[in-house]
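First comes the structure, then the notes that go with it.
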Amino acid sequence: MNDTFDLRISESHIEVHKFHGGTILLSLILALMLQGFLPVYIPKANILDLPLLITIYFGLSRRNPSTGLLLGTFIGLLQDSLSKTPLGLFGIAKTVIGYLASSIGARLDTEHPLARFALTFSFFAVHQGIVVLVQKLLLAQPQPWFTMRLGVSCLVNSILGVFLYYLLDRFRKS
Amino acid sequence: MVGIPSRHRSLFLLTGVVLLQVLLLAVQIKRDSQGRLIRVWTVSAVSPVERSGAWGIGKIRDAWRHYFALSDTARANEDLRRENGQLKLEIMQLQSKSAEADRLAALLSFKQTQAKVPMIVARVIGSSADANSAVIYLDQGLREGIHKNMGVITPEGVVGKVIESFRDTCQVLLLTDRDSGVGAMISNSRIQSPVGGLGEPLLTMKYVGNDDEVNVGDRVVTSGMDRIFPKDLPVGTISQVKPGSPFKQIRVRPSANIEKLEEVIVLLTTDPLALKPGAPLNGSAATAPSASGQPVSRLTNTKPAEKHP
């Protein structure tokens, strides 16, 4: 793994990573399965948001805001479909995260674990902020902006993200 | 037509996609019970995989218990210790099987004592894809006669209600969800108040006045007022009481082990159910007094389950 990361102004200097066929789809299906499956056996696992980690990773790697946001939309709507939330709640949040991740990925080289940790932490917080905002404004469901559980969730997902991204790096086309 | 500069195209796309989803949300808020075909498709596509996943995990778990754990023991210990380990392992397996048999026997016994109530035992095969909602998926659906708003219980107490039903699976909103609620009352004082979820393991009893006497340890049972659950099913036990304004702040520990559900019972009727004296309910509900002061325990259905088109 490259242990340095550079801030570059021009998008053209950043390498766009491509993946072996089906990697994105398989990762997405696996993430959604595990998201619904793990908490049945390990209740504490419900603090994970694997679909969000997948959105962030492929957004950062593909570095194309349009595909990033569409991937986020797709993942978010699937997640909504598997929850009791109205369709669009996670869709909106993950659309924005997909856009932000791919936009930032186009400007920063995000290979360093610390950079990945910090970005995942920030994206998780932004994601939760959007979810709460939509719940407050559109669904009239008062939700707290911050809880201790959310803080722990943010931290755990960021740590898991670093390892998950490292694993997903293996599936890149060299 | 005015062209969009290429560098701003993704921003326009973002705005468009977000606006579309806002509209989608708006449509759902207006017509909550219609549409949602994507939900049916997604759940139908995912549930067979979850079902096979549950099967696969069971097999892996069995393989681990039968082989790997045993071989670790064999490598690590001498013959006697190995034999001891084997015996312990067998005891664990037997205990696990015995616990499962007890659970299933409790379900069967409950079902037999409530013979007049149409009900079905279902296995939990998945949970919500987001951490904020307490939702589970069961391995039975429309084909077995499960419809929206049917009550879900275990012999220990109330679990939740069905919020969506698909062909072979259904979605259950657990009592611990923020949006969940059940008509309830305190067993000995008969003070009525809805009990709802807080998104955490404990429940809350919402509208009990400061003048009413409520004690920690009091049992909370269903009042039957929600017309989903029959009267006097155990909901939980009061674990905390604090004065509040204008109502007391009461926390209730659910009777059912909602965080670790494996099998549940779905009441196959959306008609009001009534309890009548007779065979005891499993667990603490057995001695729950009825409004007339008699022990109540048998569920009686007034009408057969209505089949929805």
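Residues that are without any contact (Cβ under 8 Å) to a residue 40 or more places away in the chain, in a helix (DSSP H, G or I) and facing another protein chain (nearest Cβ under 9 Å): does region A:100-110 have at least one?
Looking through region A:100-110, at least one residue is without any contact (Cβ under 8 Å) to a residue 40 or more places away in the chain, in a helix (DSSP H, G or I) and facing another protein chain (nearest Cβ under 9 Å).
Looking only at residues in region B:2-47 that are part of a helix (DSSP H, G or I) and hydroxyl-bearing (Ser, Thr, Tyr), which one is modelled with the lowest pLDDT?
Here the residue is B:Ser6.
Could you look through region A:33-67, keep only residues that are within 7 Å of another protein chain (Cβ to nearest Cβ) and within 22 Å of B:Arg9 (Cβ to Cβ), and pick out the one that is nearest to the chain's Cα centre (by Cα)?
Restricting to residues being within 7 Å of another protein chain (Cβ to nearest Cβ) and within 22 Å of B:Arg9 (Cβ to Cβ), the top hit is A:Pro65.
Which members of region B:116-143 meet the condition of being under 13 Å from B:Glu262 (Cα atoms) and out of contact with any strand residue (DSSP E or B) (no Cβ under 8 Å at 6 or more places or on another chain)?
The answer is none; no residue qualifies.
List the number of the failed condition for B:Gly151; all other conditions in (1) surrounded by 24 or more Cβ atoms within 10 Å (Cβ to Cβ); (2) under 30 Å from B:Gly244 (Cα atoms) hold.
Checking B:Gly151 against (1) surrounded by 24 or more Cβ atoms within 10 Å (Cβ to Cβ); (2) under 30 Å from B:Gly244 (Cα atoms), the one that fails is (2).
With respect to B:Ser239, is the statement that it is surrounded by fewer than 21 Cβ atoms within 10 Å (Cβ to Cβ), out of contact with any strand residue (DSSP E or B) (no Cβ under 6 Å at 6 or more places or on another chain) and farther than 24 Å from A:Leu82 by Cα true?
no
If I filter region B:10-25 down to residues being of a type outside the set (A, V, I, L, M, F, W, C) and at the interface with chain A (Cβ under 7 Å from one of its Cβ atoms), which single residue comes out as nearest to A:Phe90 (Cα to Cα)?
B:Gln21
Among A:Leu168, A:Leu133, A:Leu138, which is in contact with a helix residue (DSSP H, G or I) (Cβ under 7 Å, 6 or more places away or on another chain) and either surrounded by fewer than 17 Cβ atoms within 10 Å (Cβ to Cβ) or over 21 Å from A:Ile54 (Cβ atoms) (or both)?
A:Leu138
Among (1) without any contact (Cβ under 8 Å) to a residue 60 or more places away in the chain; (2) under 24 Å from B:Leu107 (Cα atoms); (3) of a type outside the set (S, T, N, Q); (4) not in a strand (DSSP E or B), which single condition is B:Arg178 missing?
Only one criterion is unmet by B:Arg178, namely (2).
Since B:Thr176 meets every condition but one in (1) within 13 Å of chain A (Cβ to nearest Cβ); (2) among the polar types (S, T, N, Q); (3) over 12 Å from the mean Cα position of the chain (by Cα), which condition does it not meet?
The single condition B:Thr176 does not satisfy is (3).
Which of the strands (runs of 3 or more DSSP E) contained wholly in region B:228-309 include at least 1 residues that are touching a Ser or Thr at 6+ places or on another chain (Cβ under 8 Å) and at pLDDT below 85?
B:273-276, B:298-301
Do we have any residue at all in region A:153-172 that's in contact with a His (Cβ under 8 Å, 6 or more places away or on another chain) and touching a residue at least 12 places away in the same chain (Cβ under 8 Å)?
yes
It is to be established whether one or more residues within region A:128-150 are charged (D, E, K, R) and not in a helix (DSSP H, G or I).
No, region A:128-150 has no match at all.
Among the residues that make up region A:117-131, is at least one of them over 18 Å from A:Ser27 (Cα atoms), in contact with a strand residue (DSSP E or B) (Cβ under 7 Å, 6 or more places away or on another chain) and more than 9 Å from chain B (Cβ to nearest Cβ)?
no
For region B:141-160, does any single residue satisfy the condition of being under 11 Å from the mean Cα position of the chain (by Cα) and within 13 Å of another protein chain (Cβ to nearest Cβ)?
Looking through region B:141-160, at least one residue is under 11 Å from the mean Cα position of the chain (by Cα) and within 13 Å of another protein chain (Cβ to nearest Cβ).
Does at least one position in region A:87-99 carry a residue that is within 12 Å of chain B (Cβ to nearest Cβ) and surrounded by fewer than 24 Cβ atoms within 10 Å (Cβ to Cβ)?
Yes, some residue in region A:87-99 is within 12 Å of chain B (Cβ to nearest Cβ) and surrounded by fewer than 24 Cβ atoms within 10 Å (Cβ to Cβ).
Restricting to region A:36-55, and then to whatever is among the hydrophobic types (A, V, I, L, M, F, W, C) and out of contact with any Ser or Thr (no Cβ under 6 Å at 6 or more places or on another chain), can you tell me which residue is nearest to B:Val124 (Cα to Cα)?
Among residues in region A:36-55 that are among the hydrophobic types (A, V, I, L, M, F, W, C) and out of contact with any Ser or Thr (no Cβ under 6 Å at 6 or more places or on another chain), the one nearest to B:Val124 (Cα to Cα) is A:Phe37.
Quick check on A:Leu70: is it out of contact with any Asp or Glu (no Cβ under 9 Å at 6 or more places or on another chain), of a type outside the set (S, T, N, Q), more than 30 Å from B:Cys170 (Cβ to Cβ) and within 11 Å of chain B (Cβ to nearest Cβ)?
yes
All but one of (1) more than 19 Å from A:Leu28 (Cβ to Cβ); (2) out of contact with any Asp or Glu (no Cβ under 8 Å at 6 or more places or on another chain); (3) touching a residue at least 12 places away in the same chain (Cβ under 8 Å) hold for A:Ala93; which doesn't?
Status for A:Ala93: all satisfied but (1).
Picking from B:Ala69, B:Ala54, which residue would you name as being modelled with pLDDT under 75 and part of a helix (DSSP H, G or I)?
Every option except B:Ala69 fails the conditions.
The values are calculated or read from the model by the stated rules, or taken from the named source; none is laboratory data. All figures in this text were calculated on a predicted structure; none of them were measured in a lab. Note that we place each Cβ from the backbone using ideal geometry, even for glycine, and neighbour counts take in every protein chain shown.
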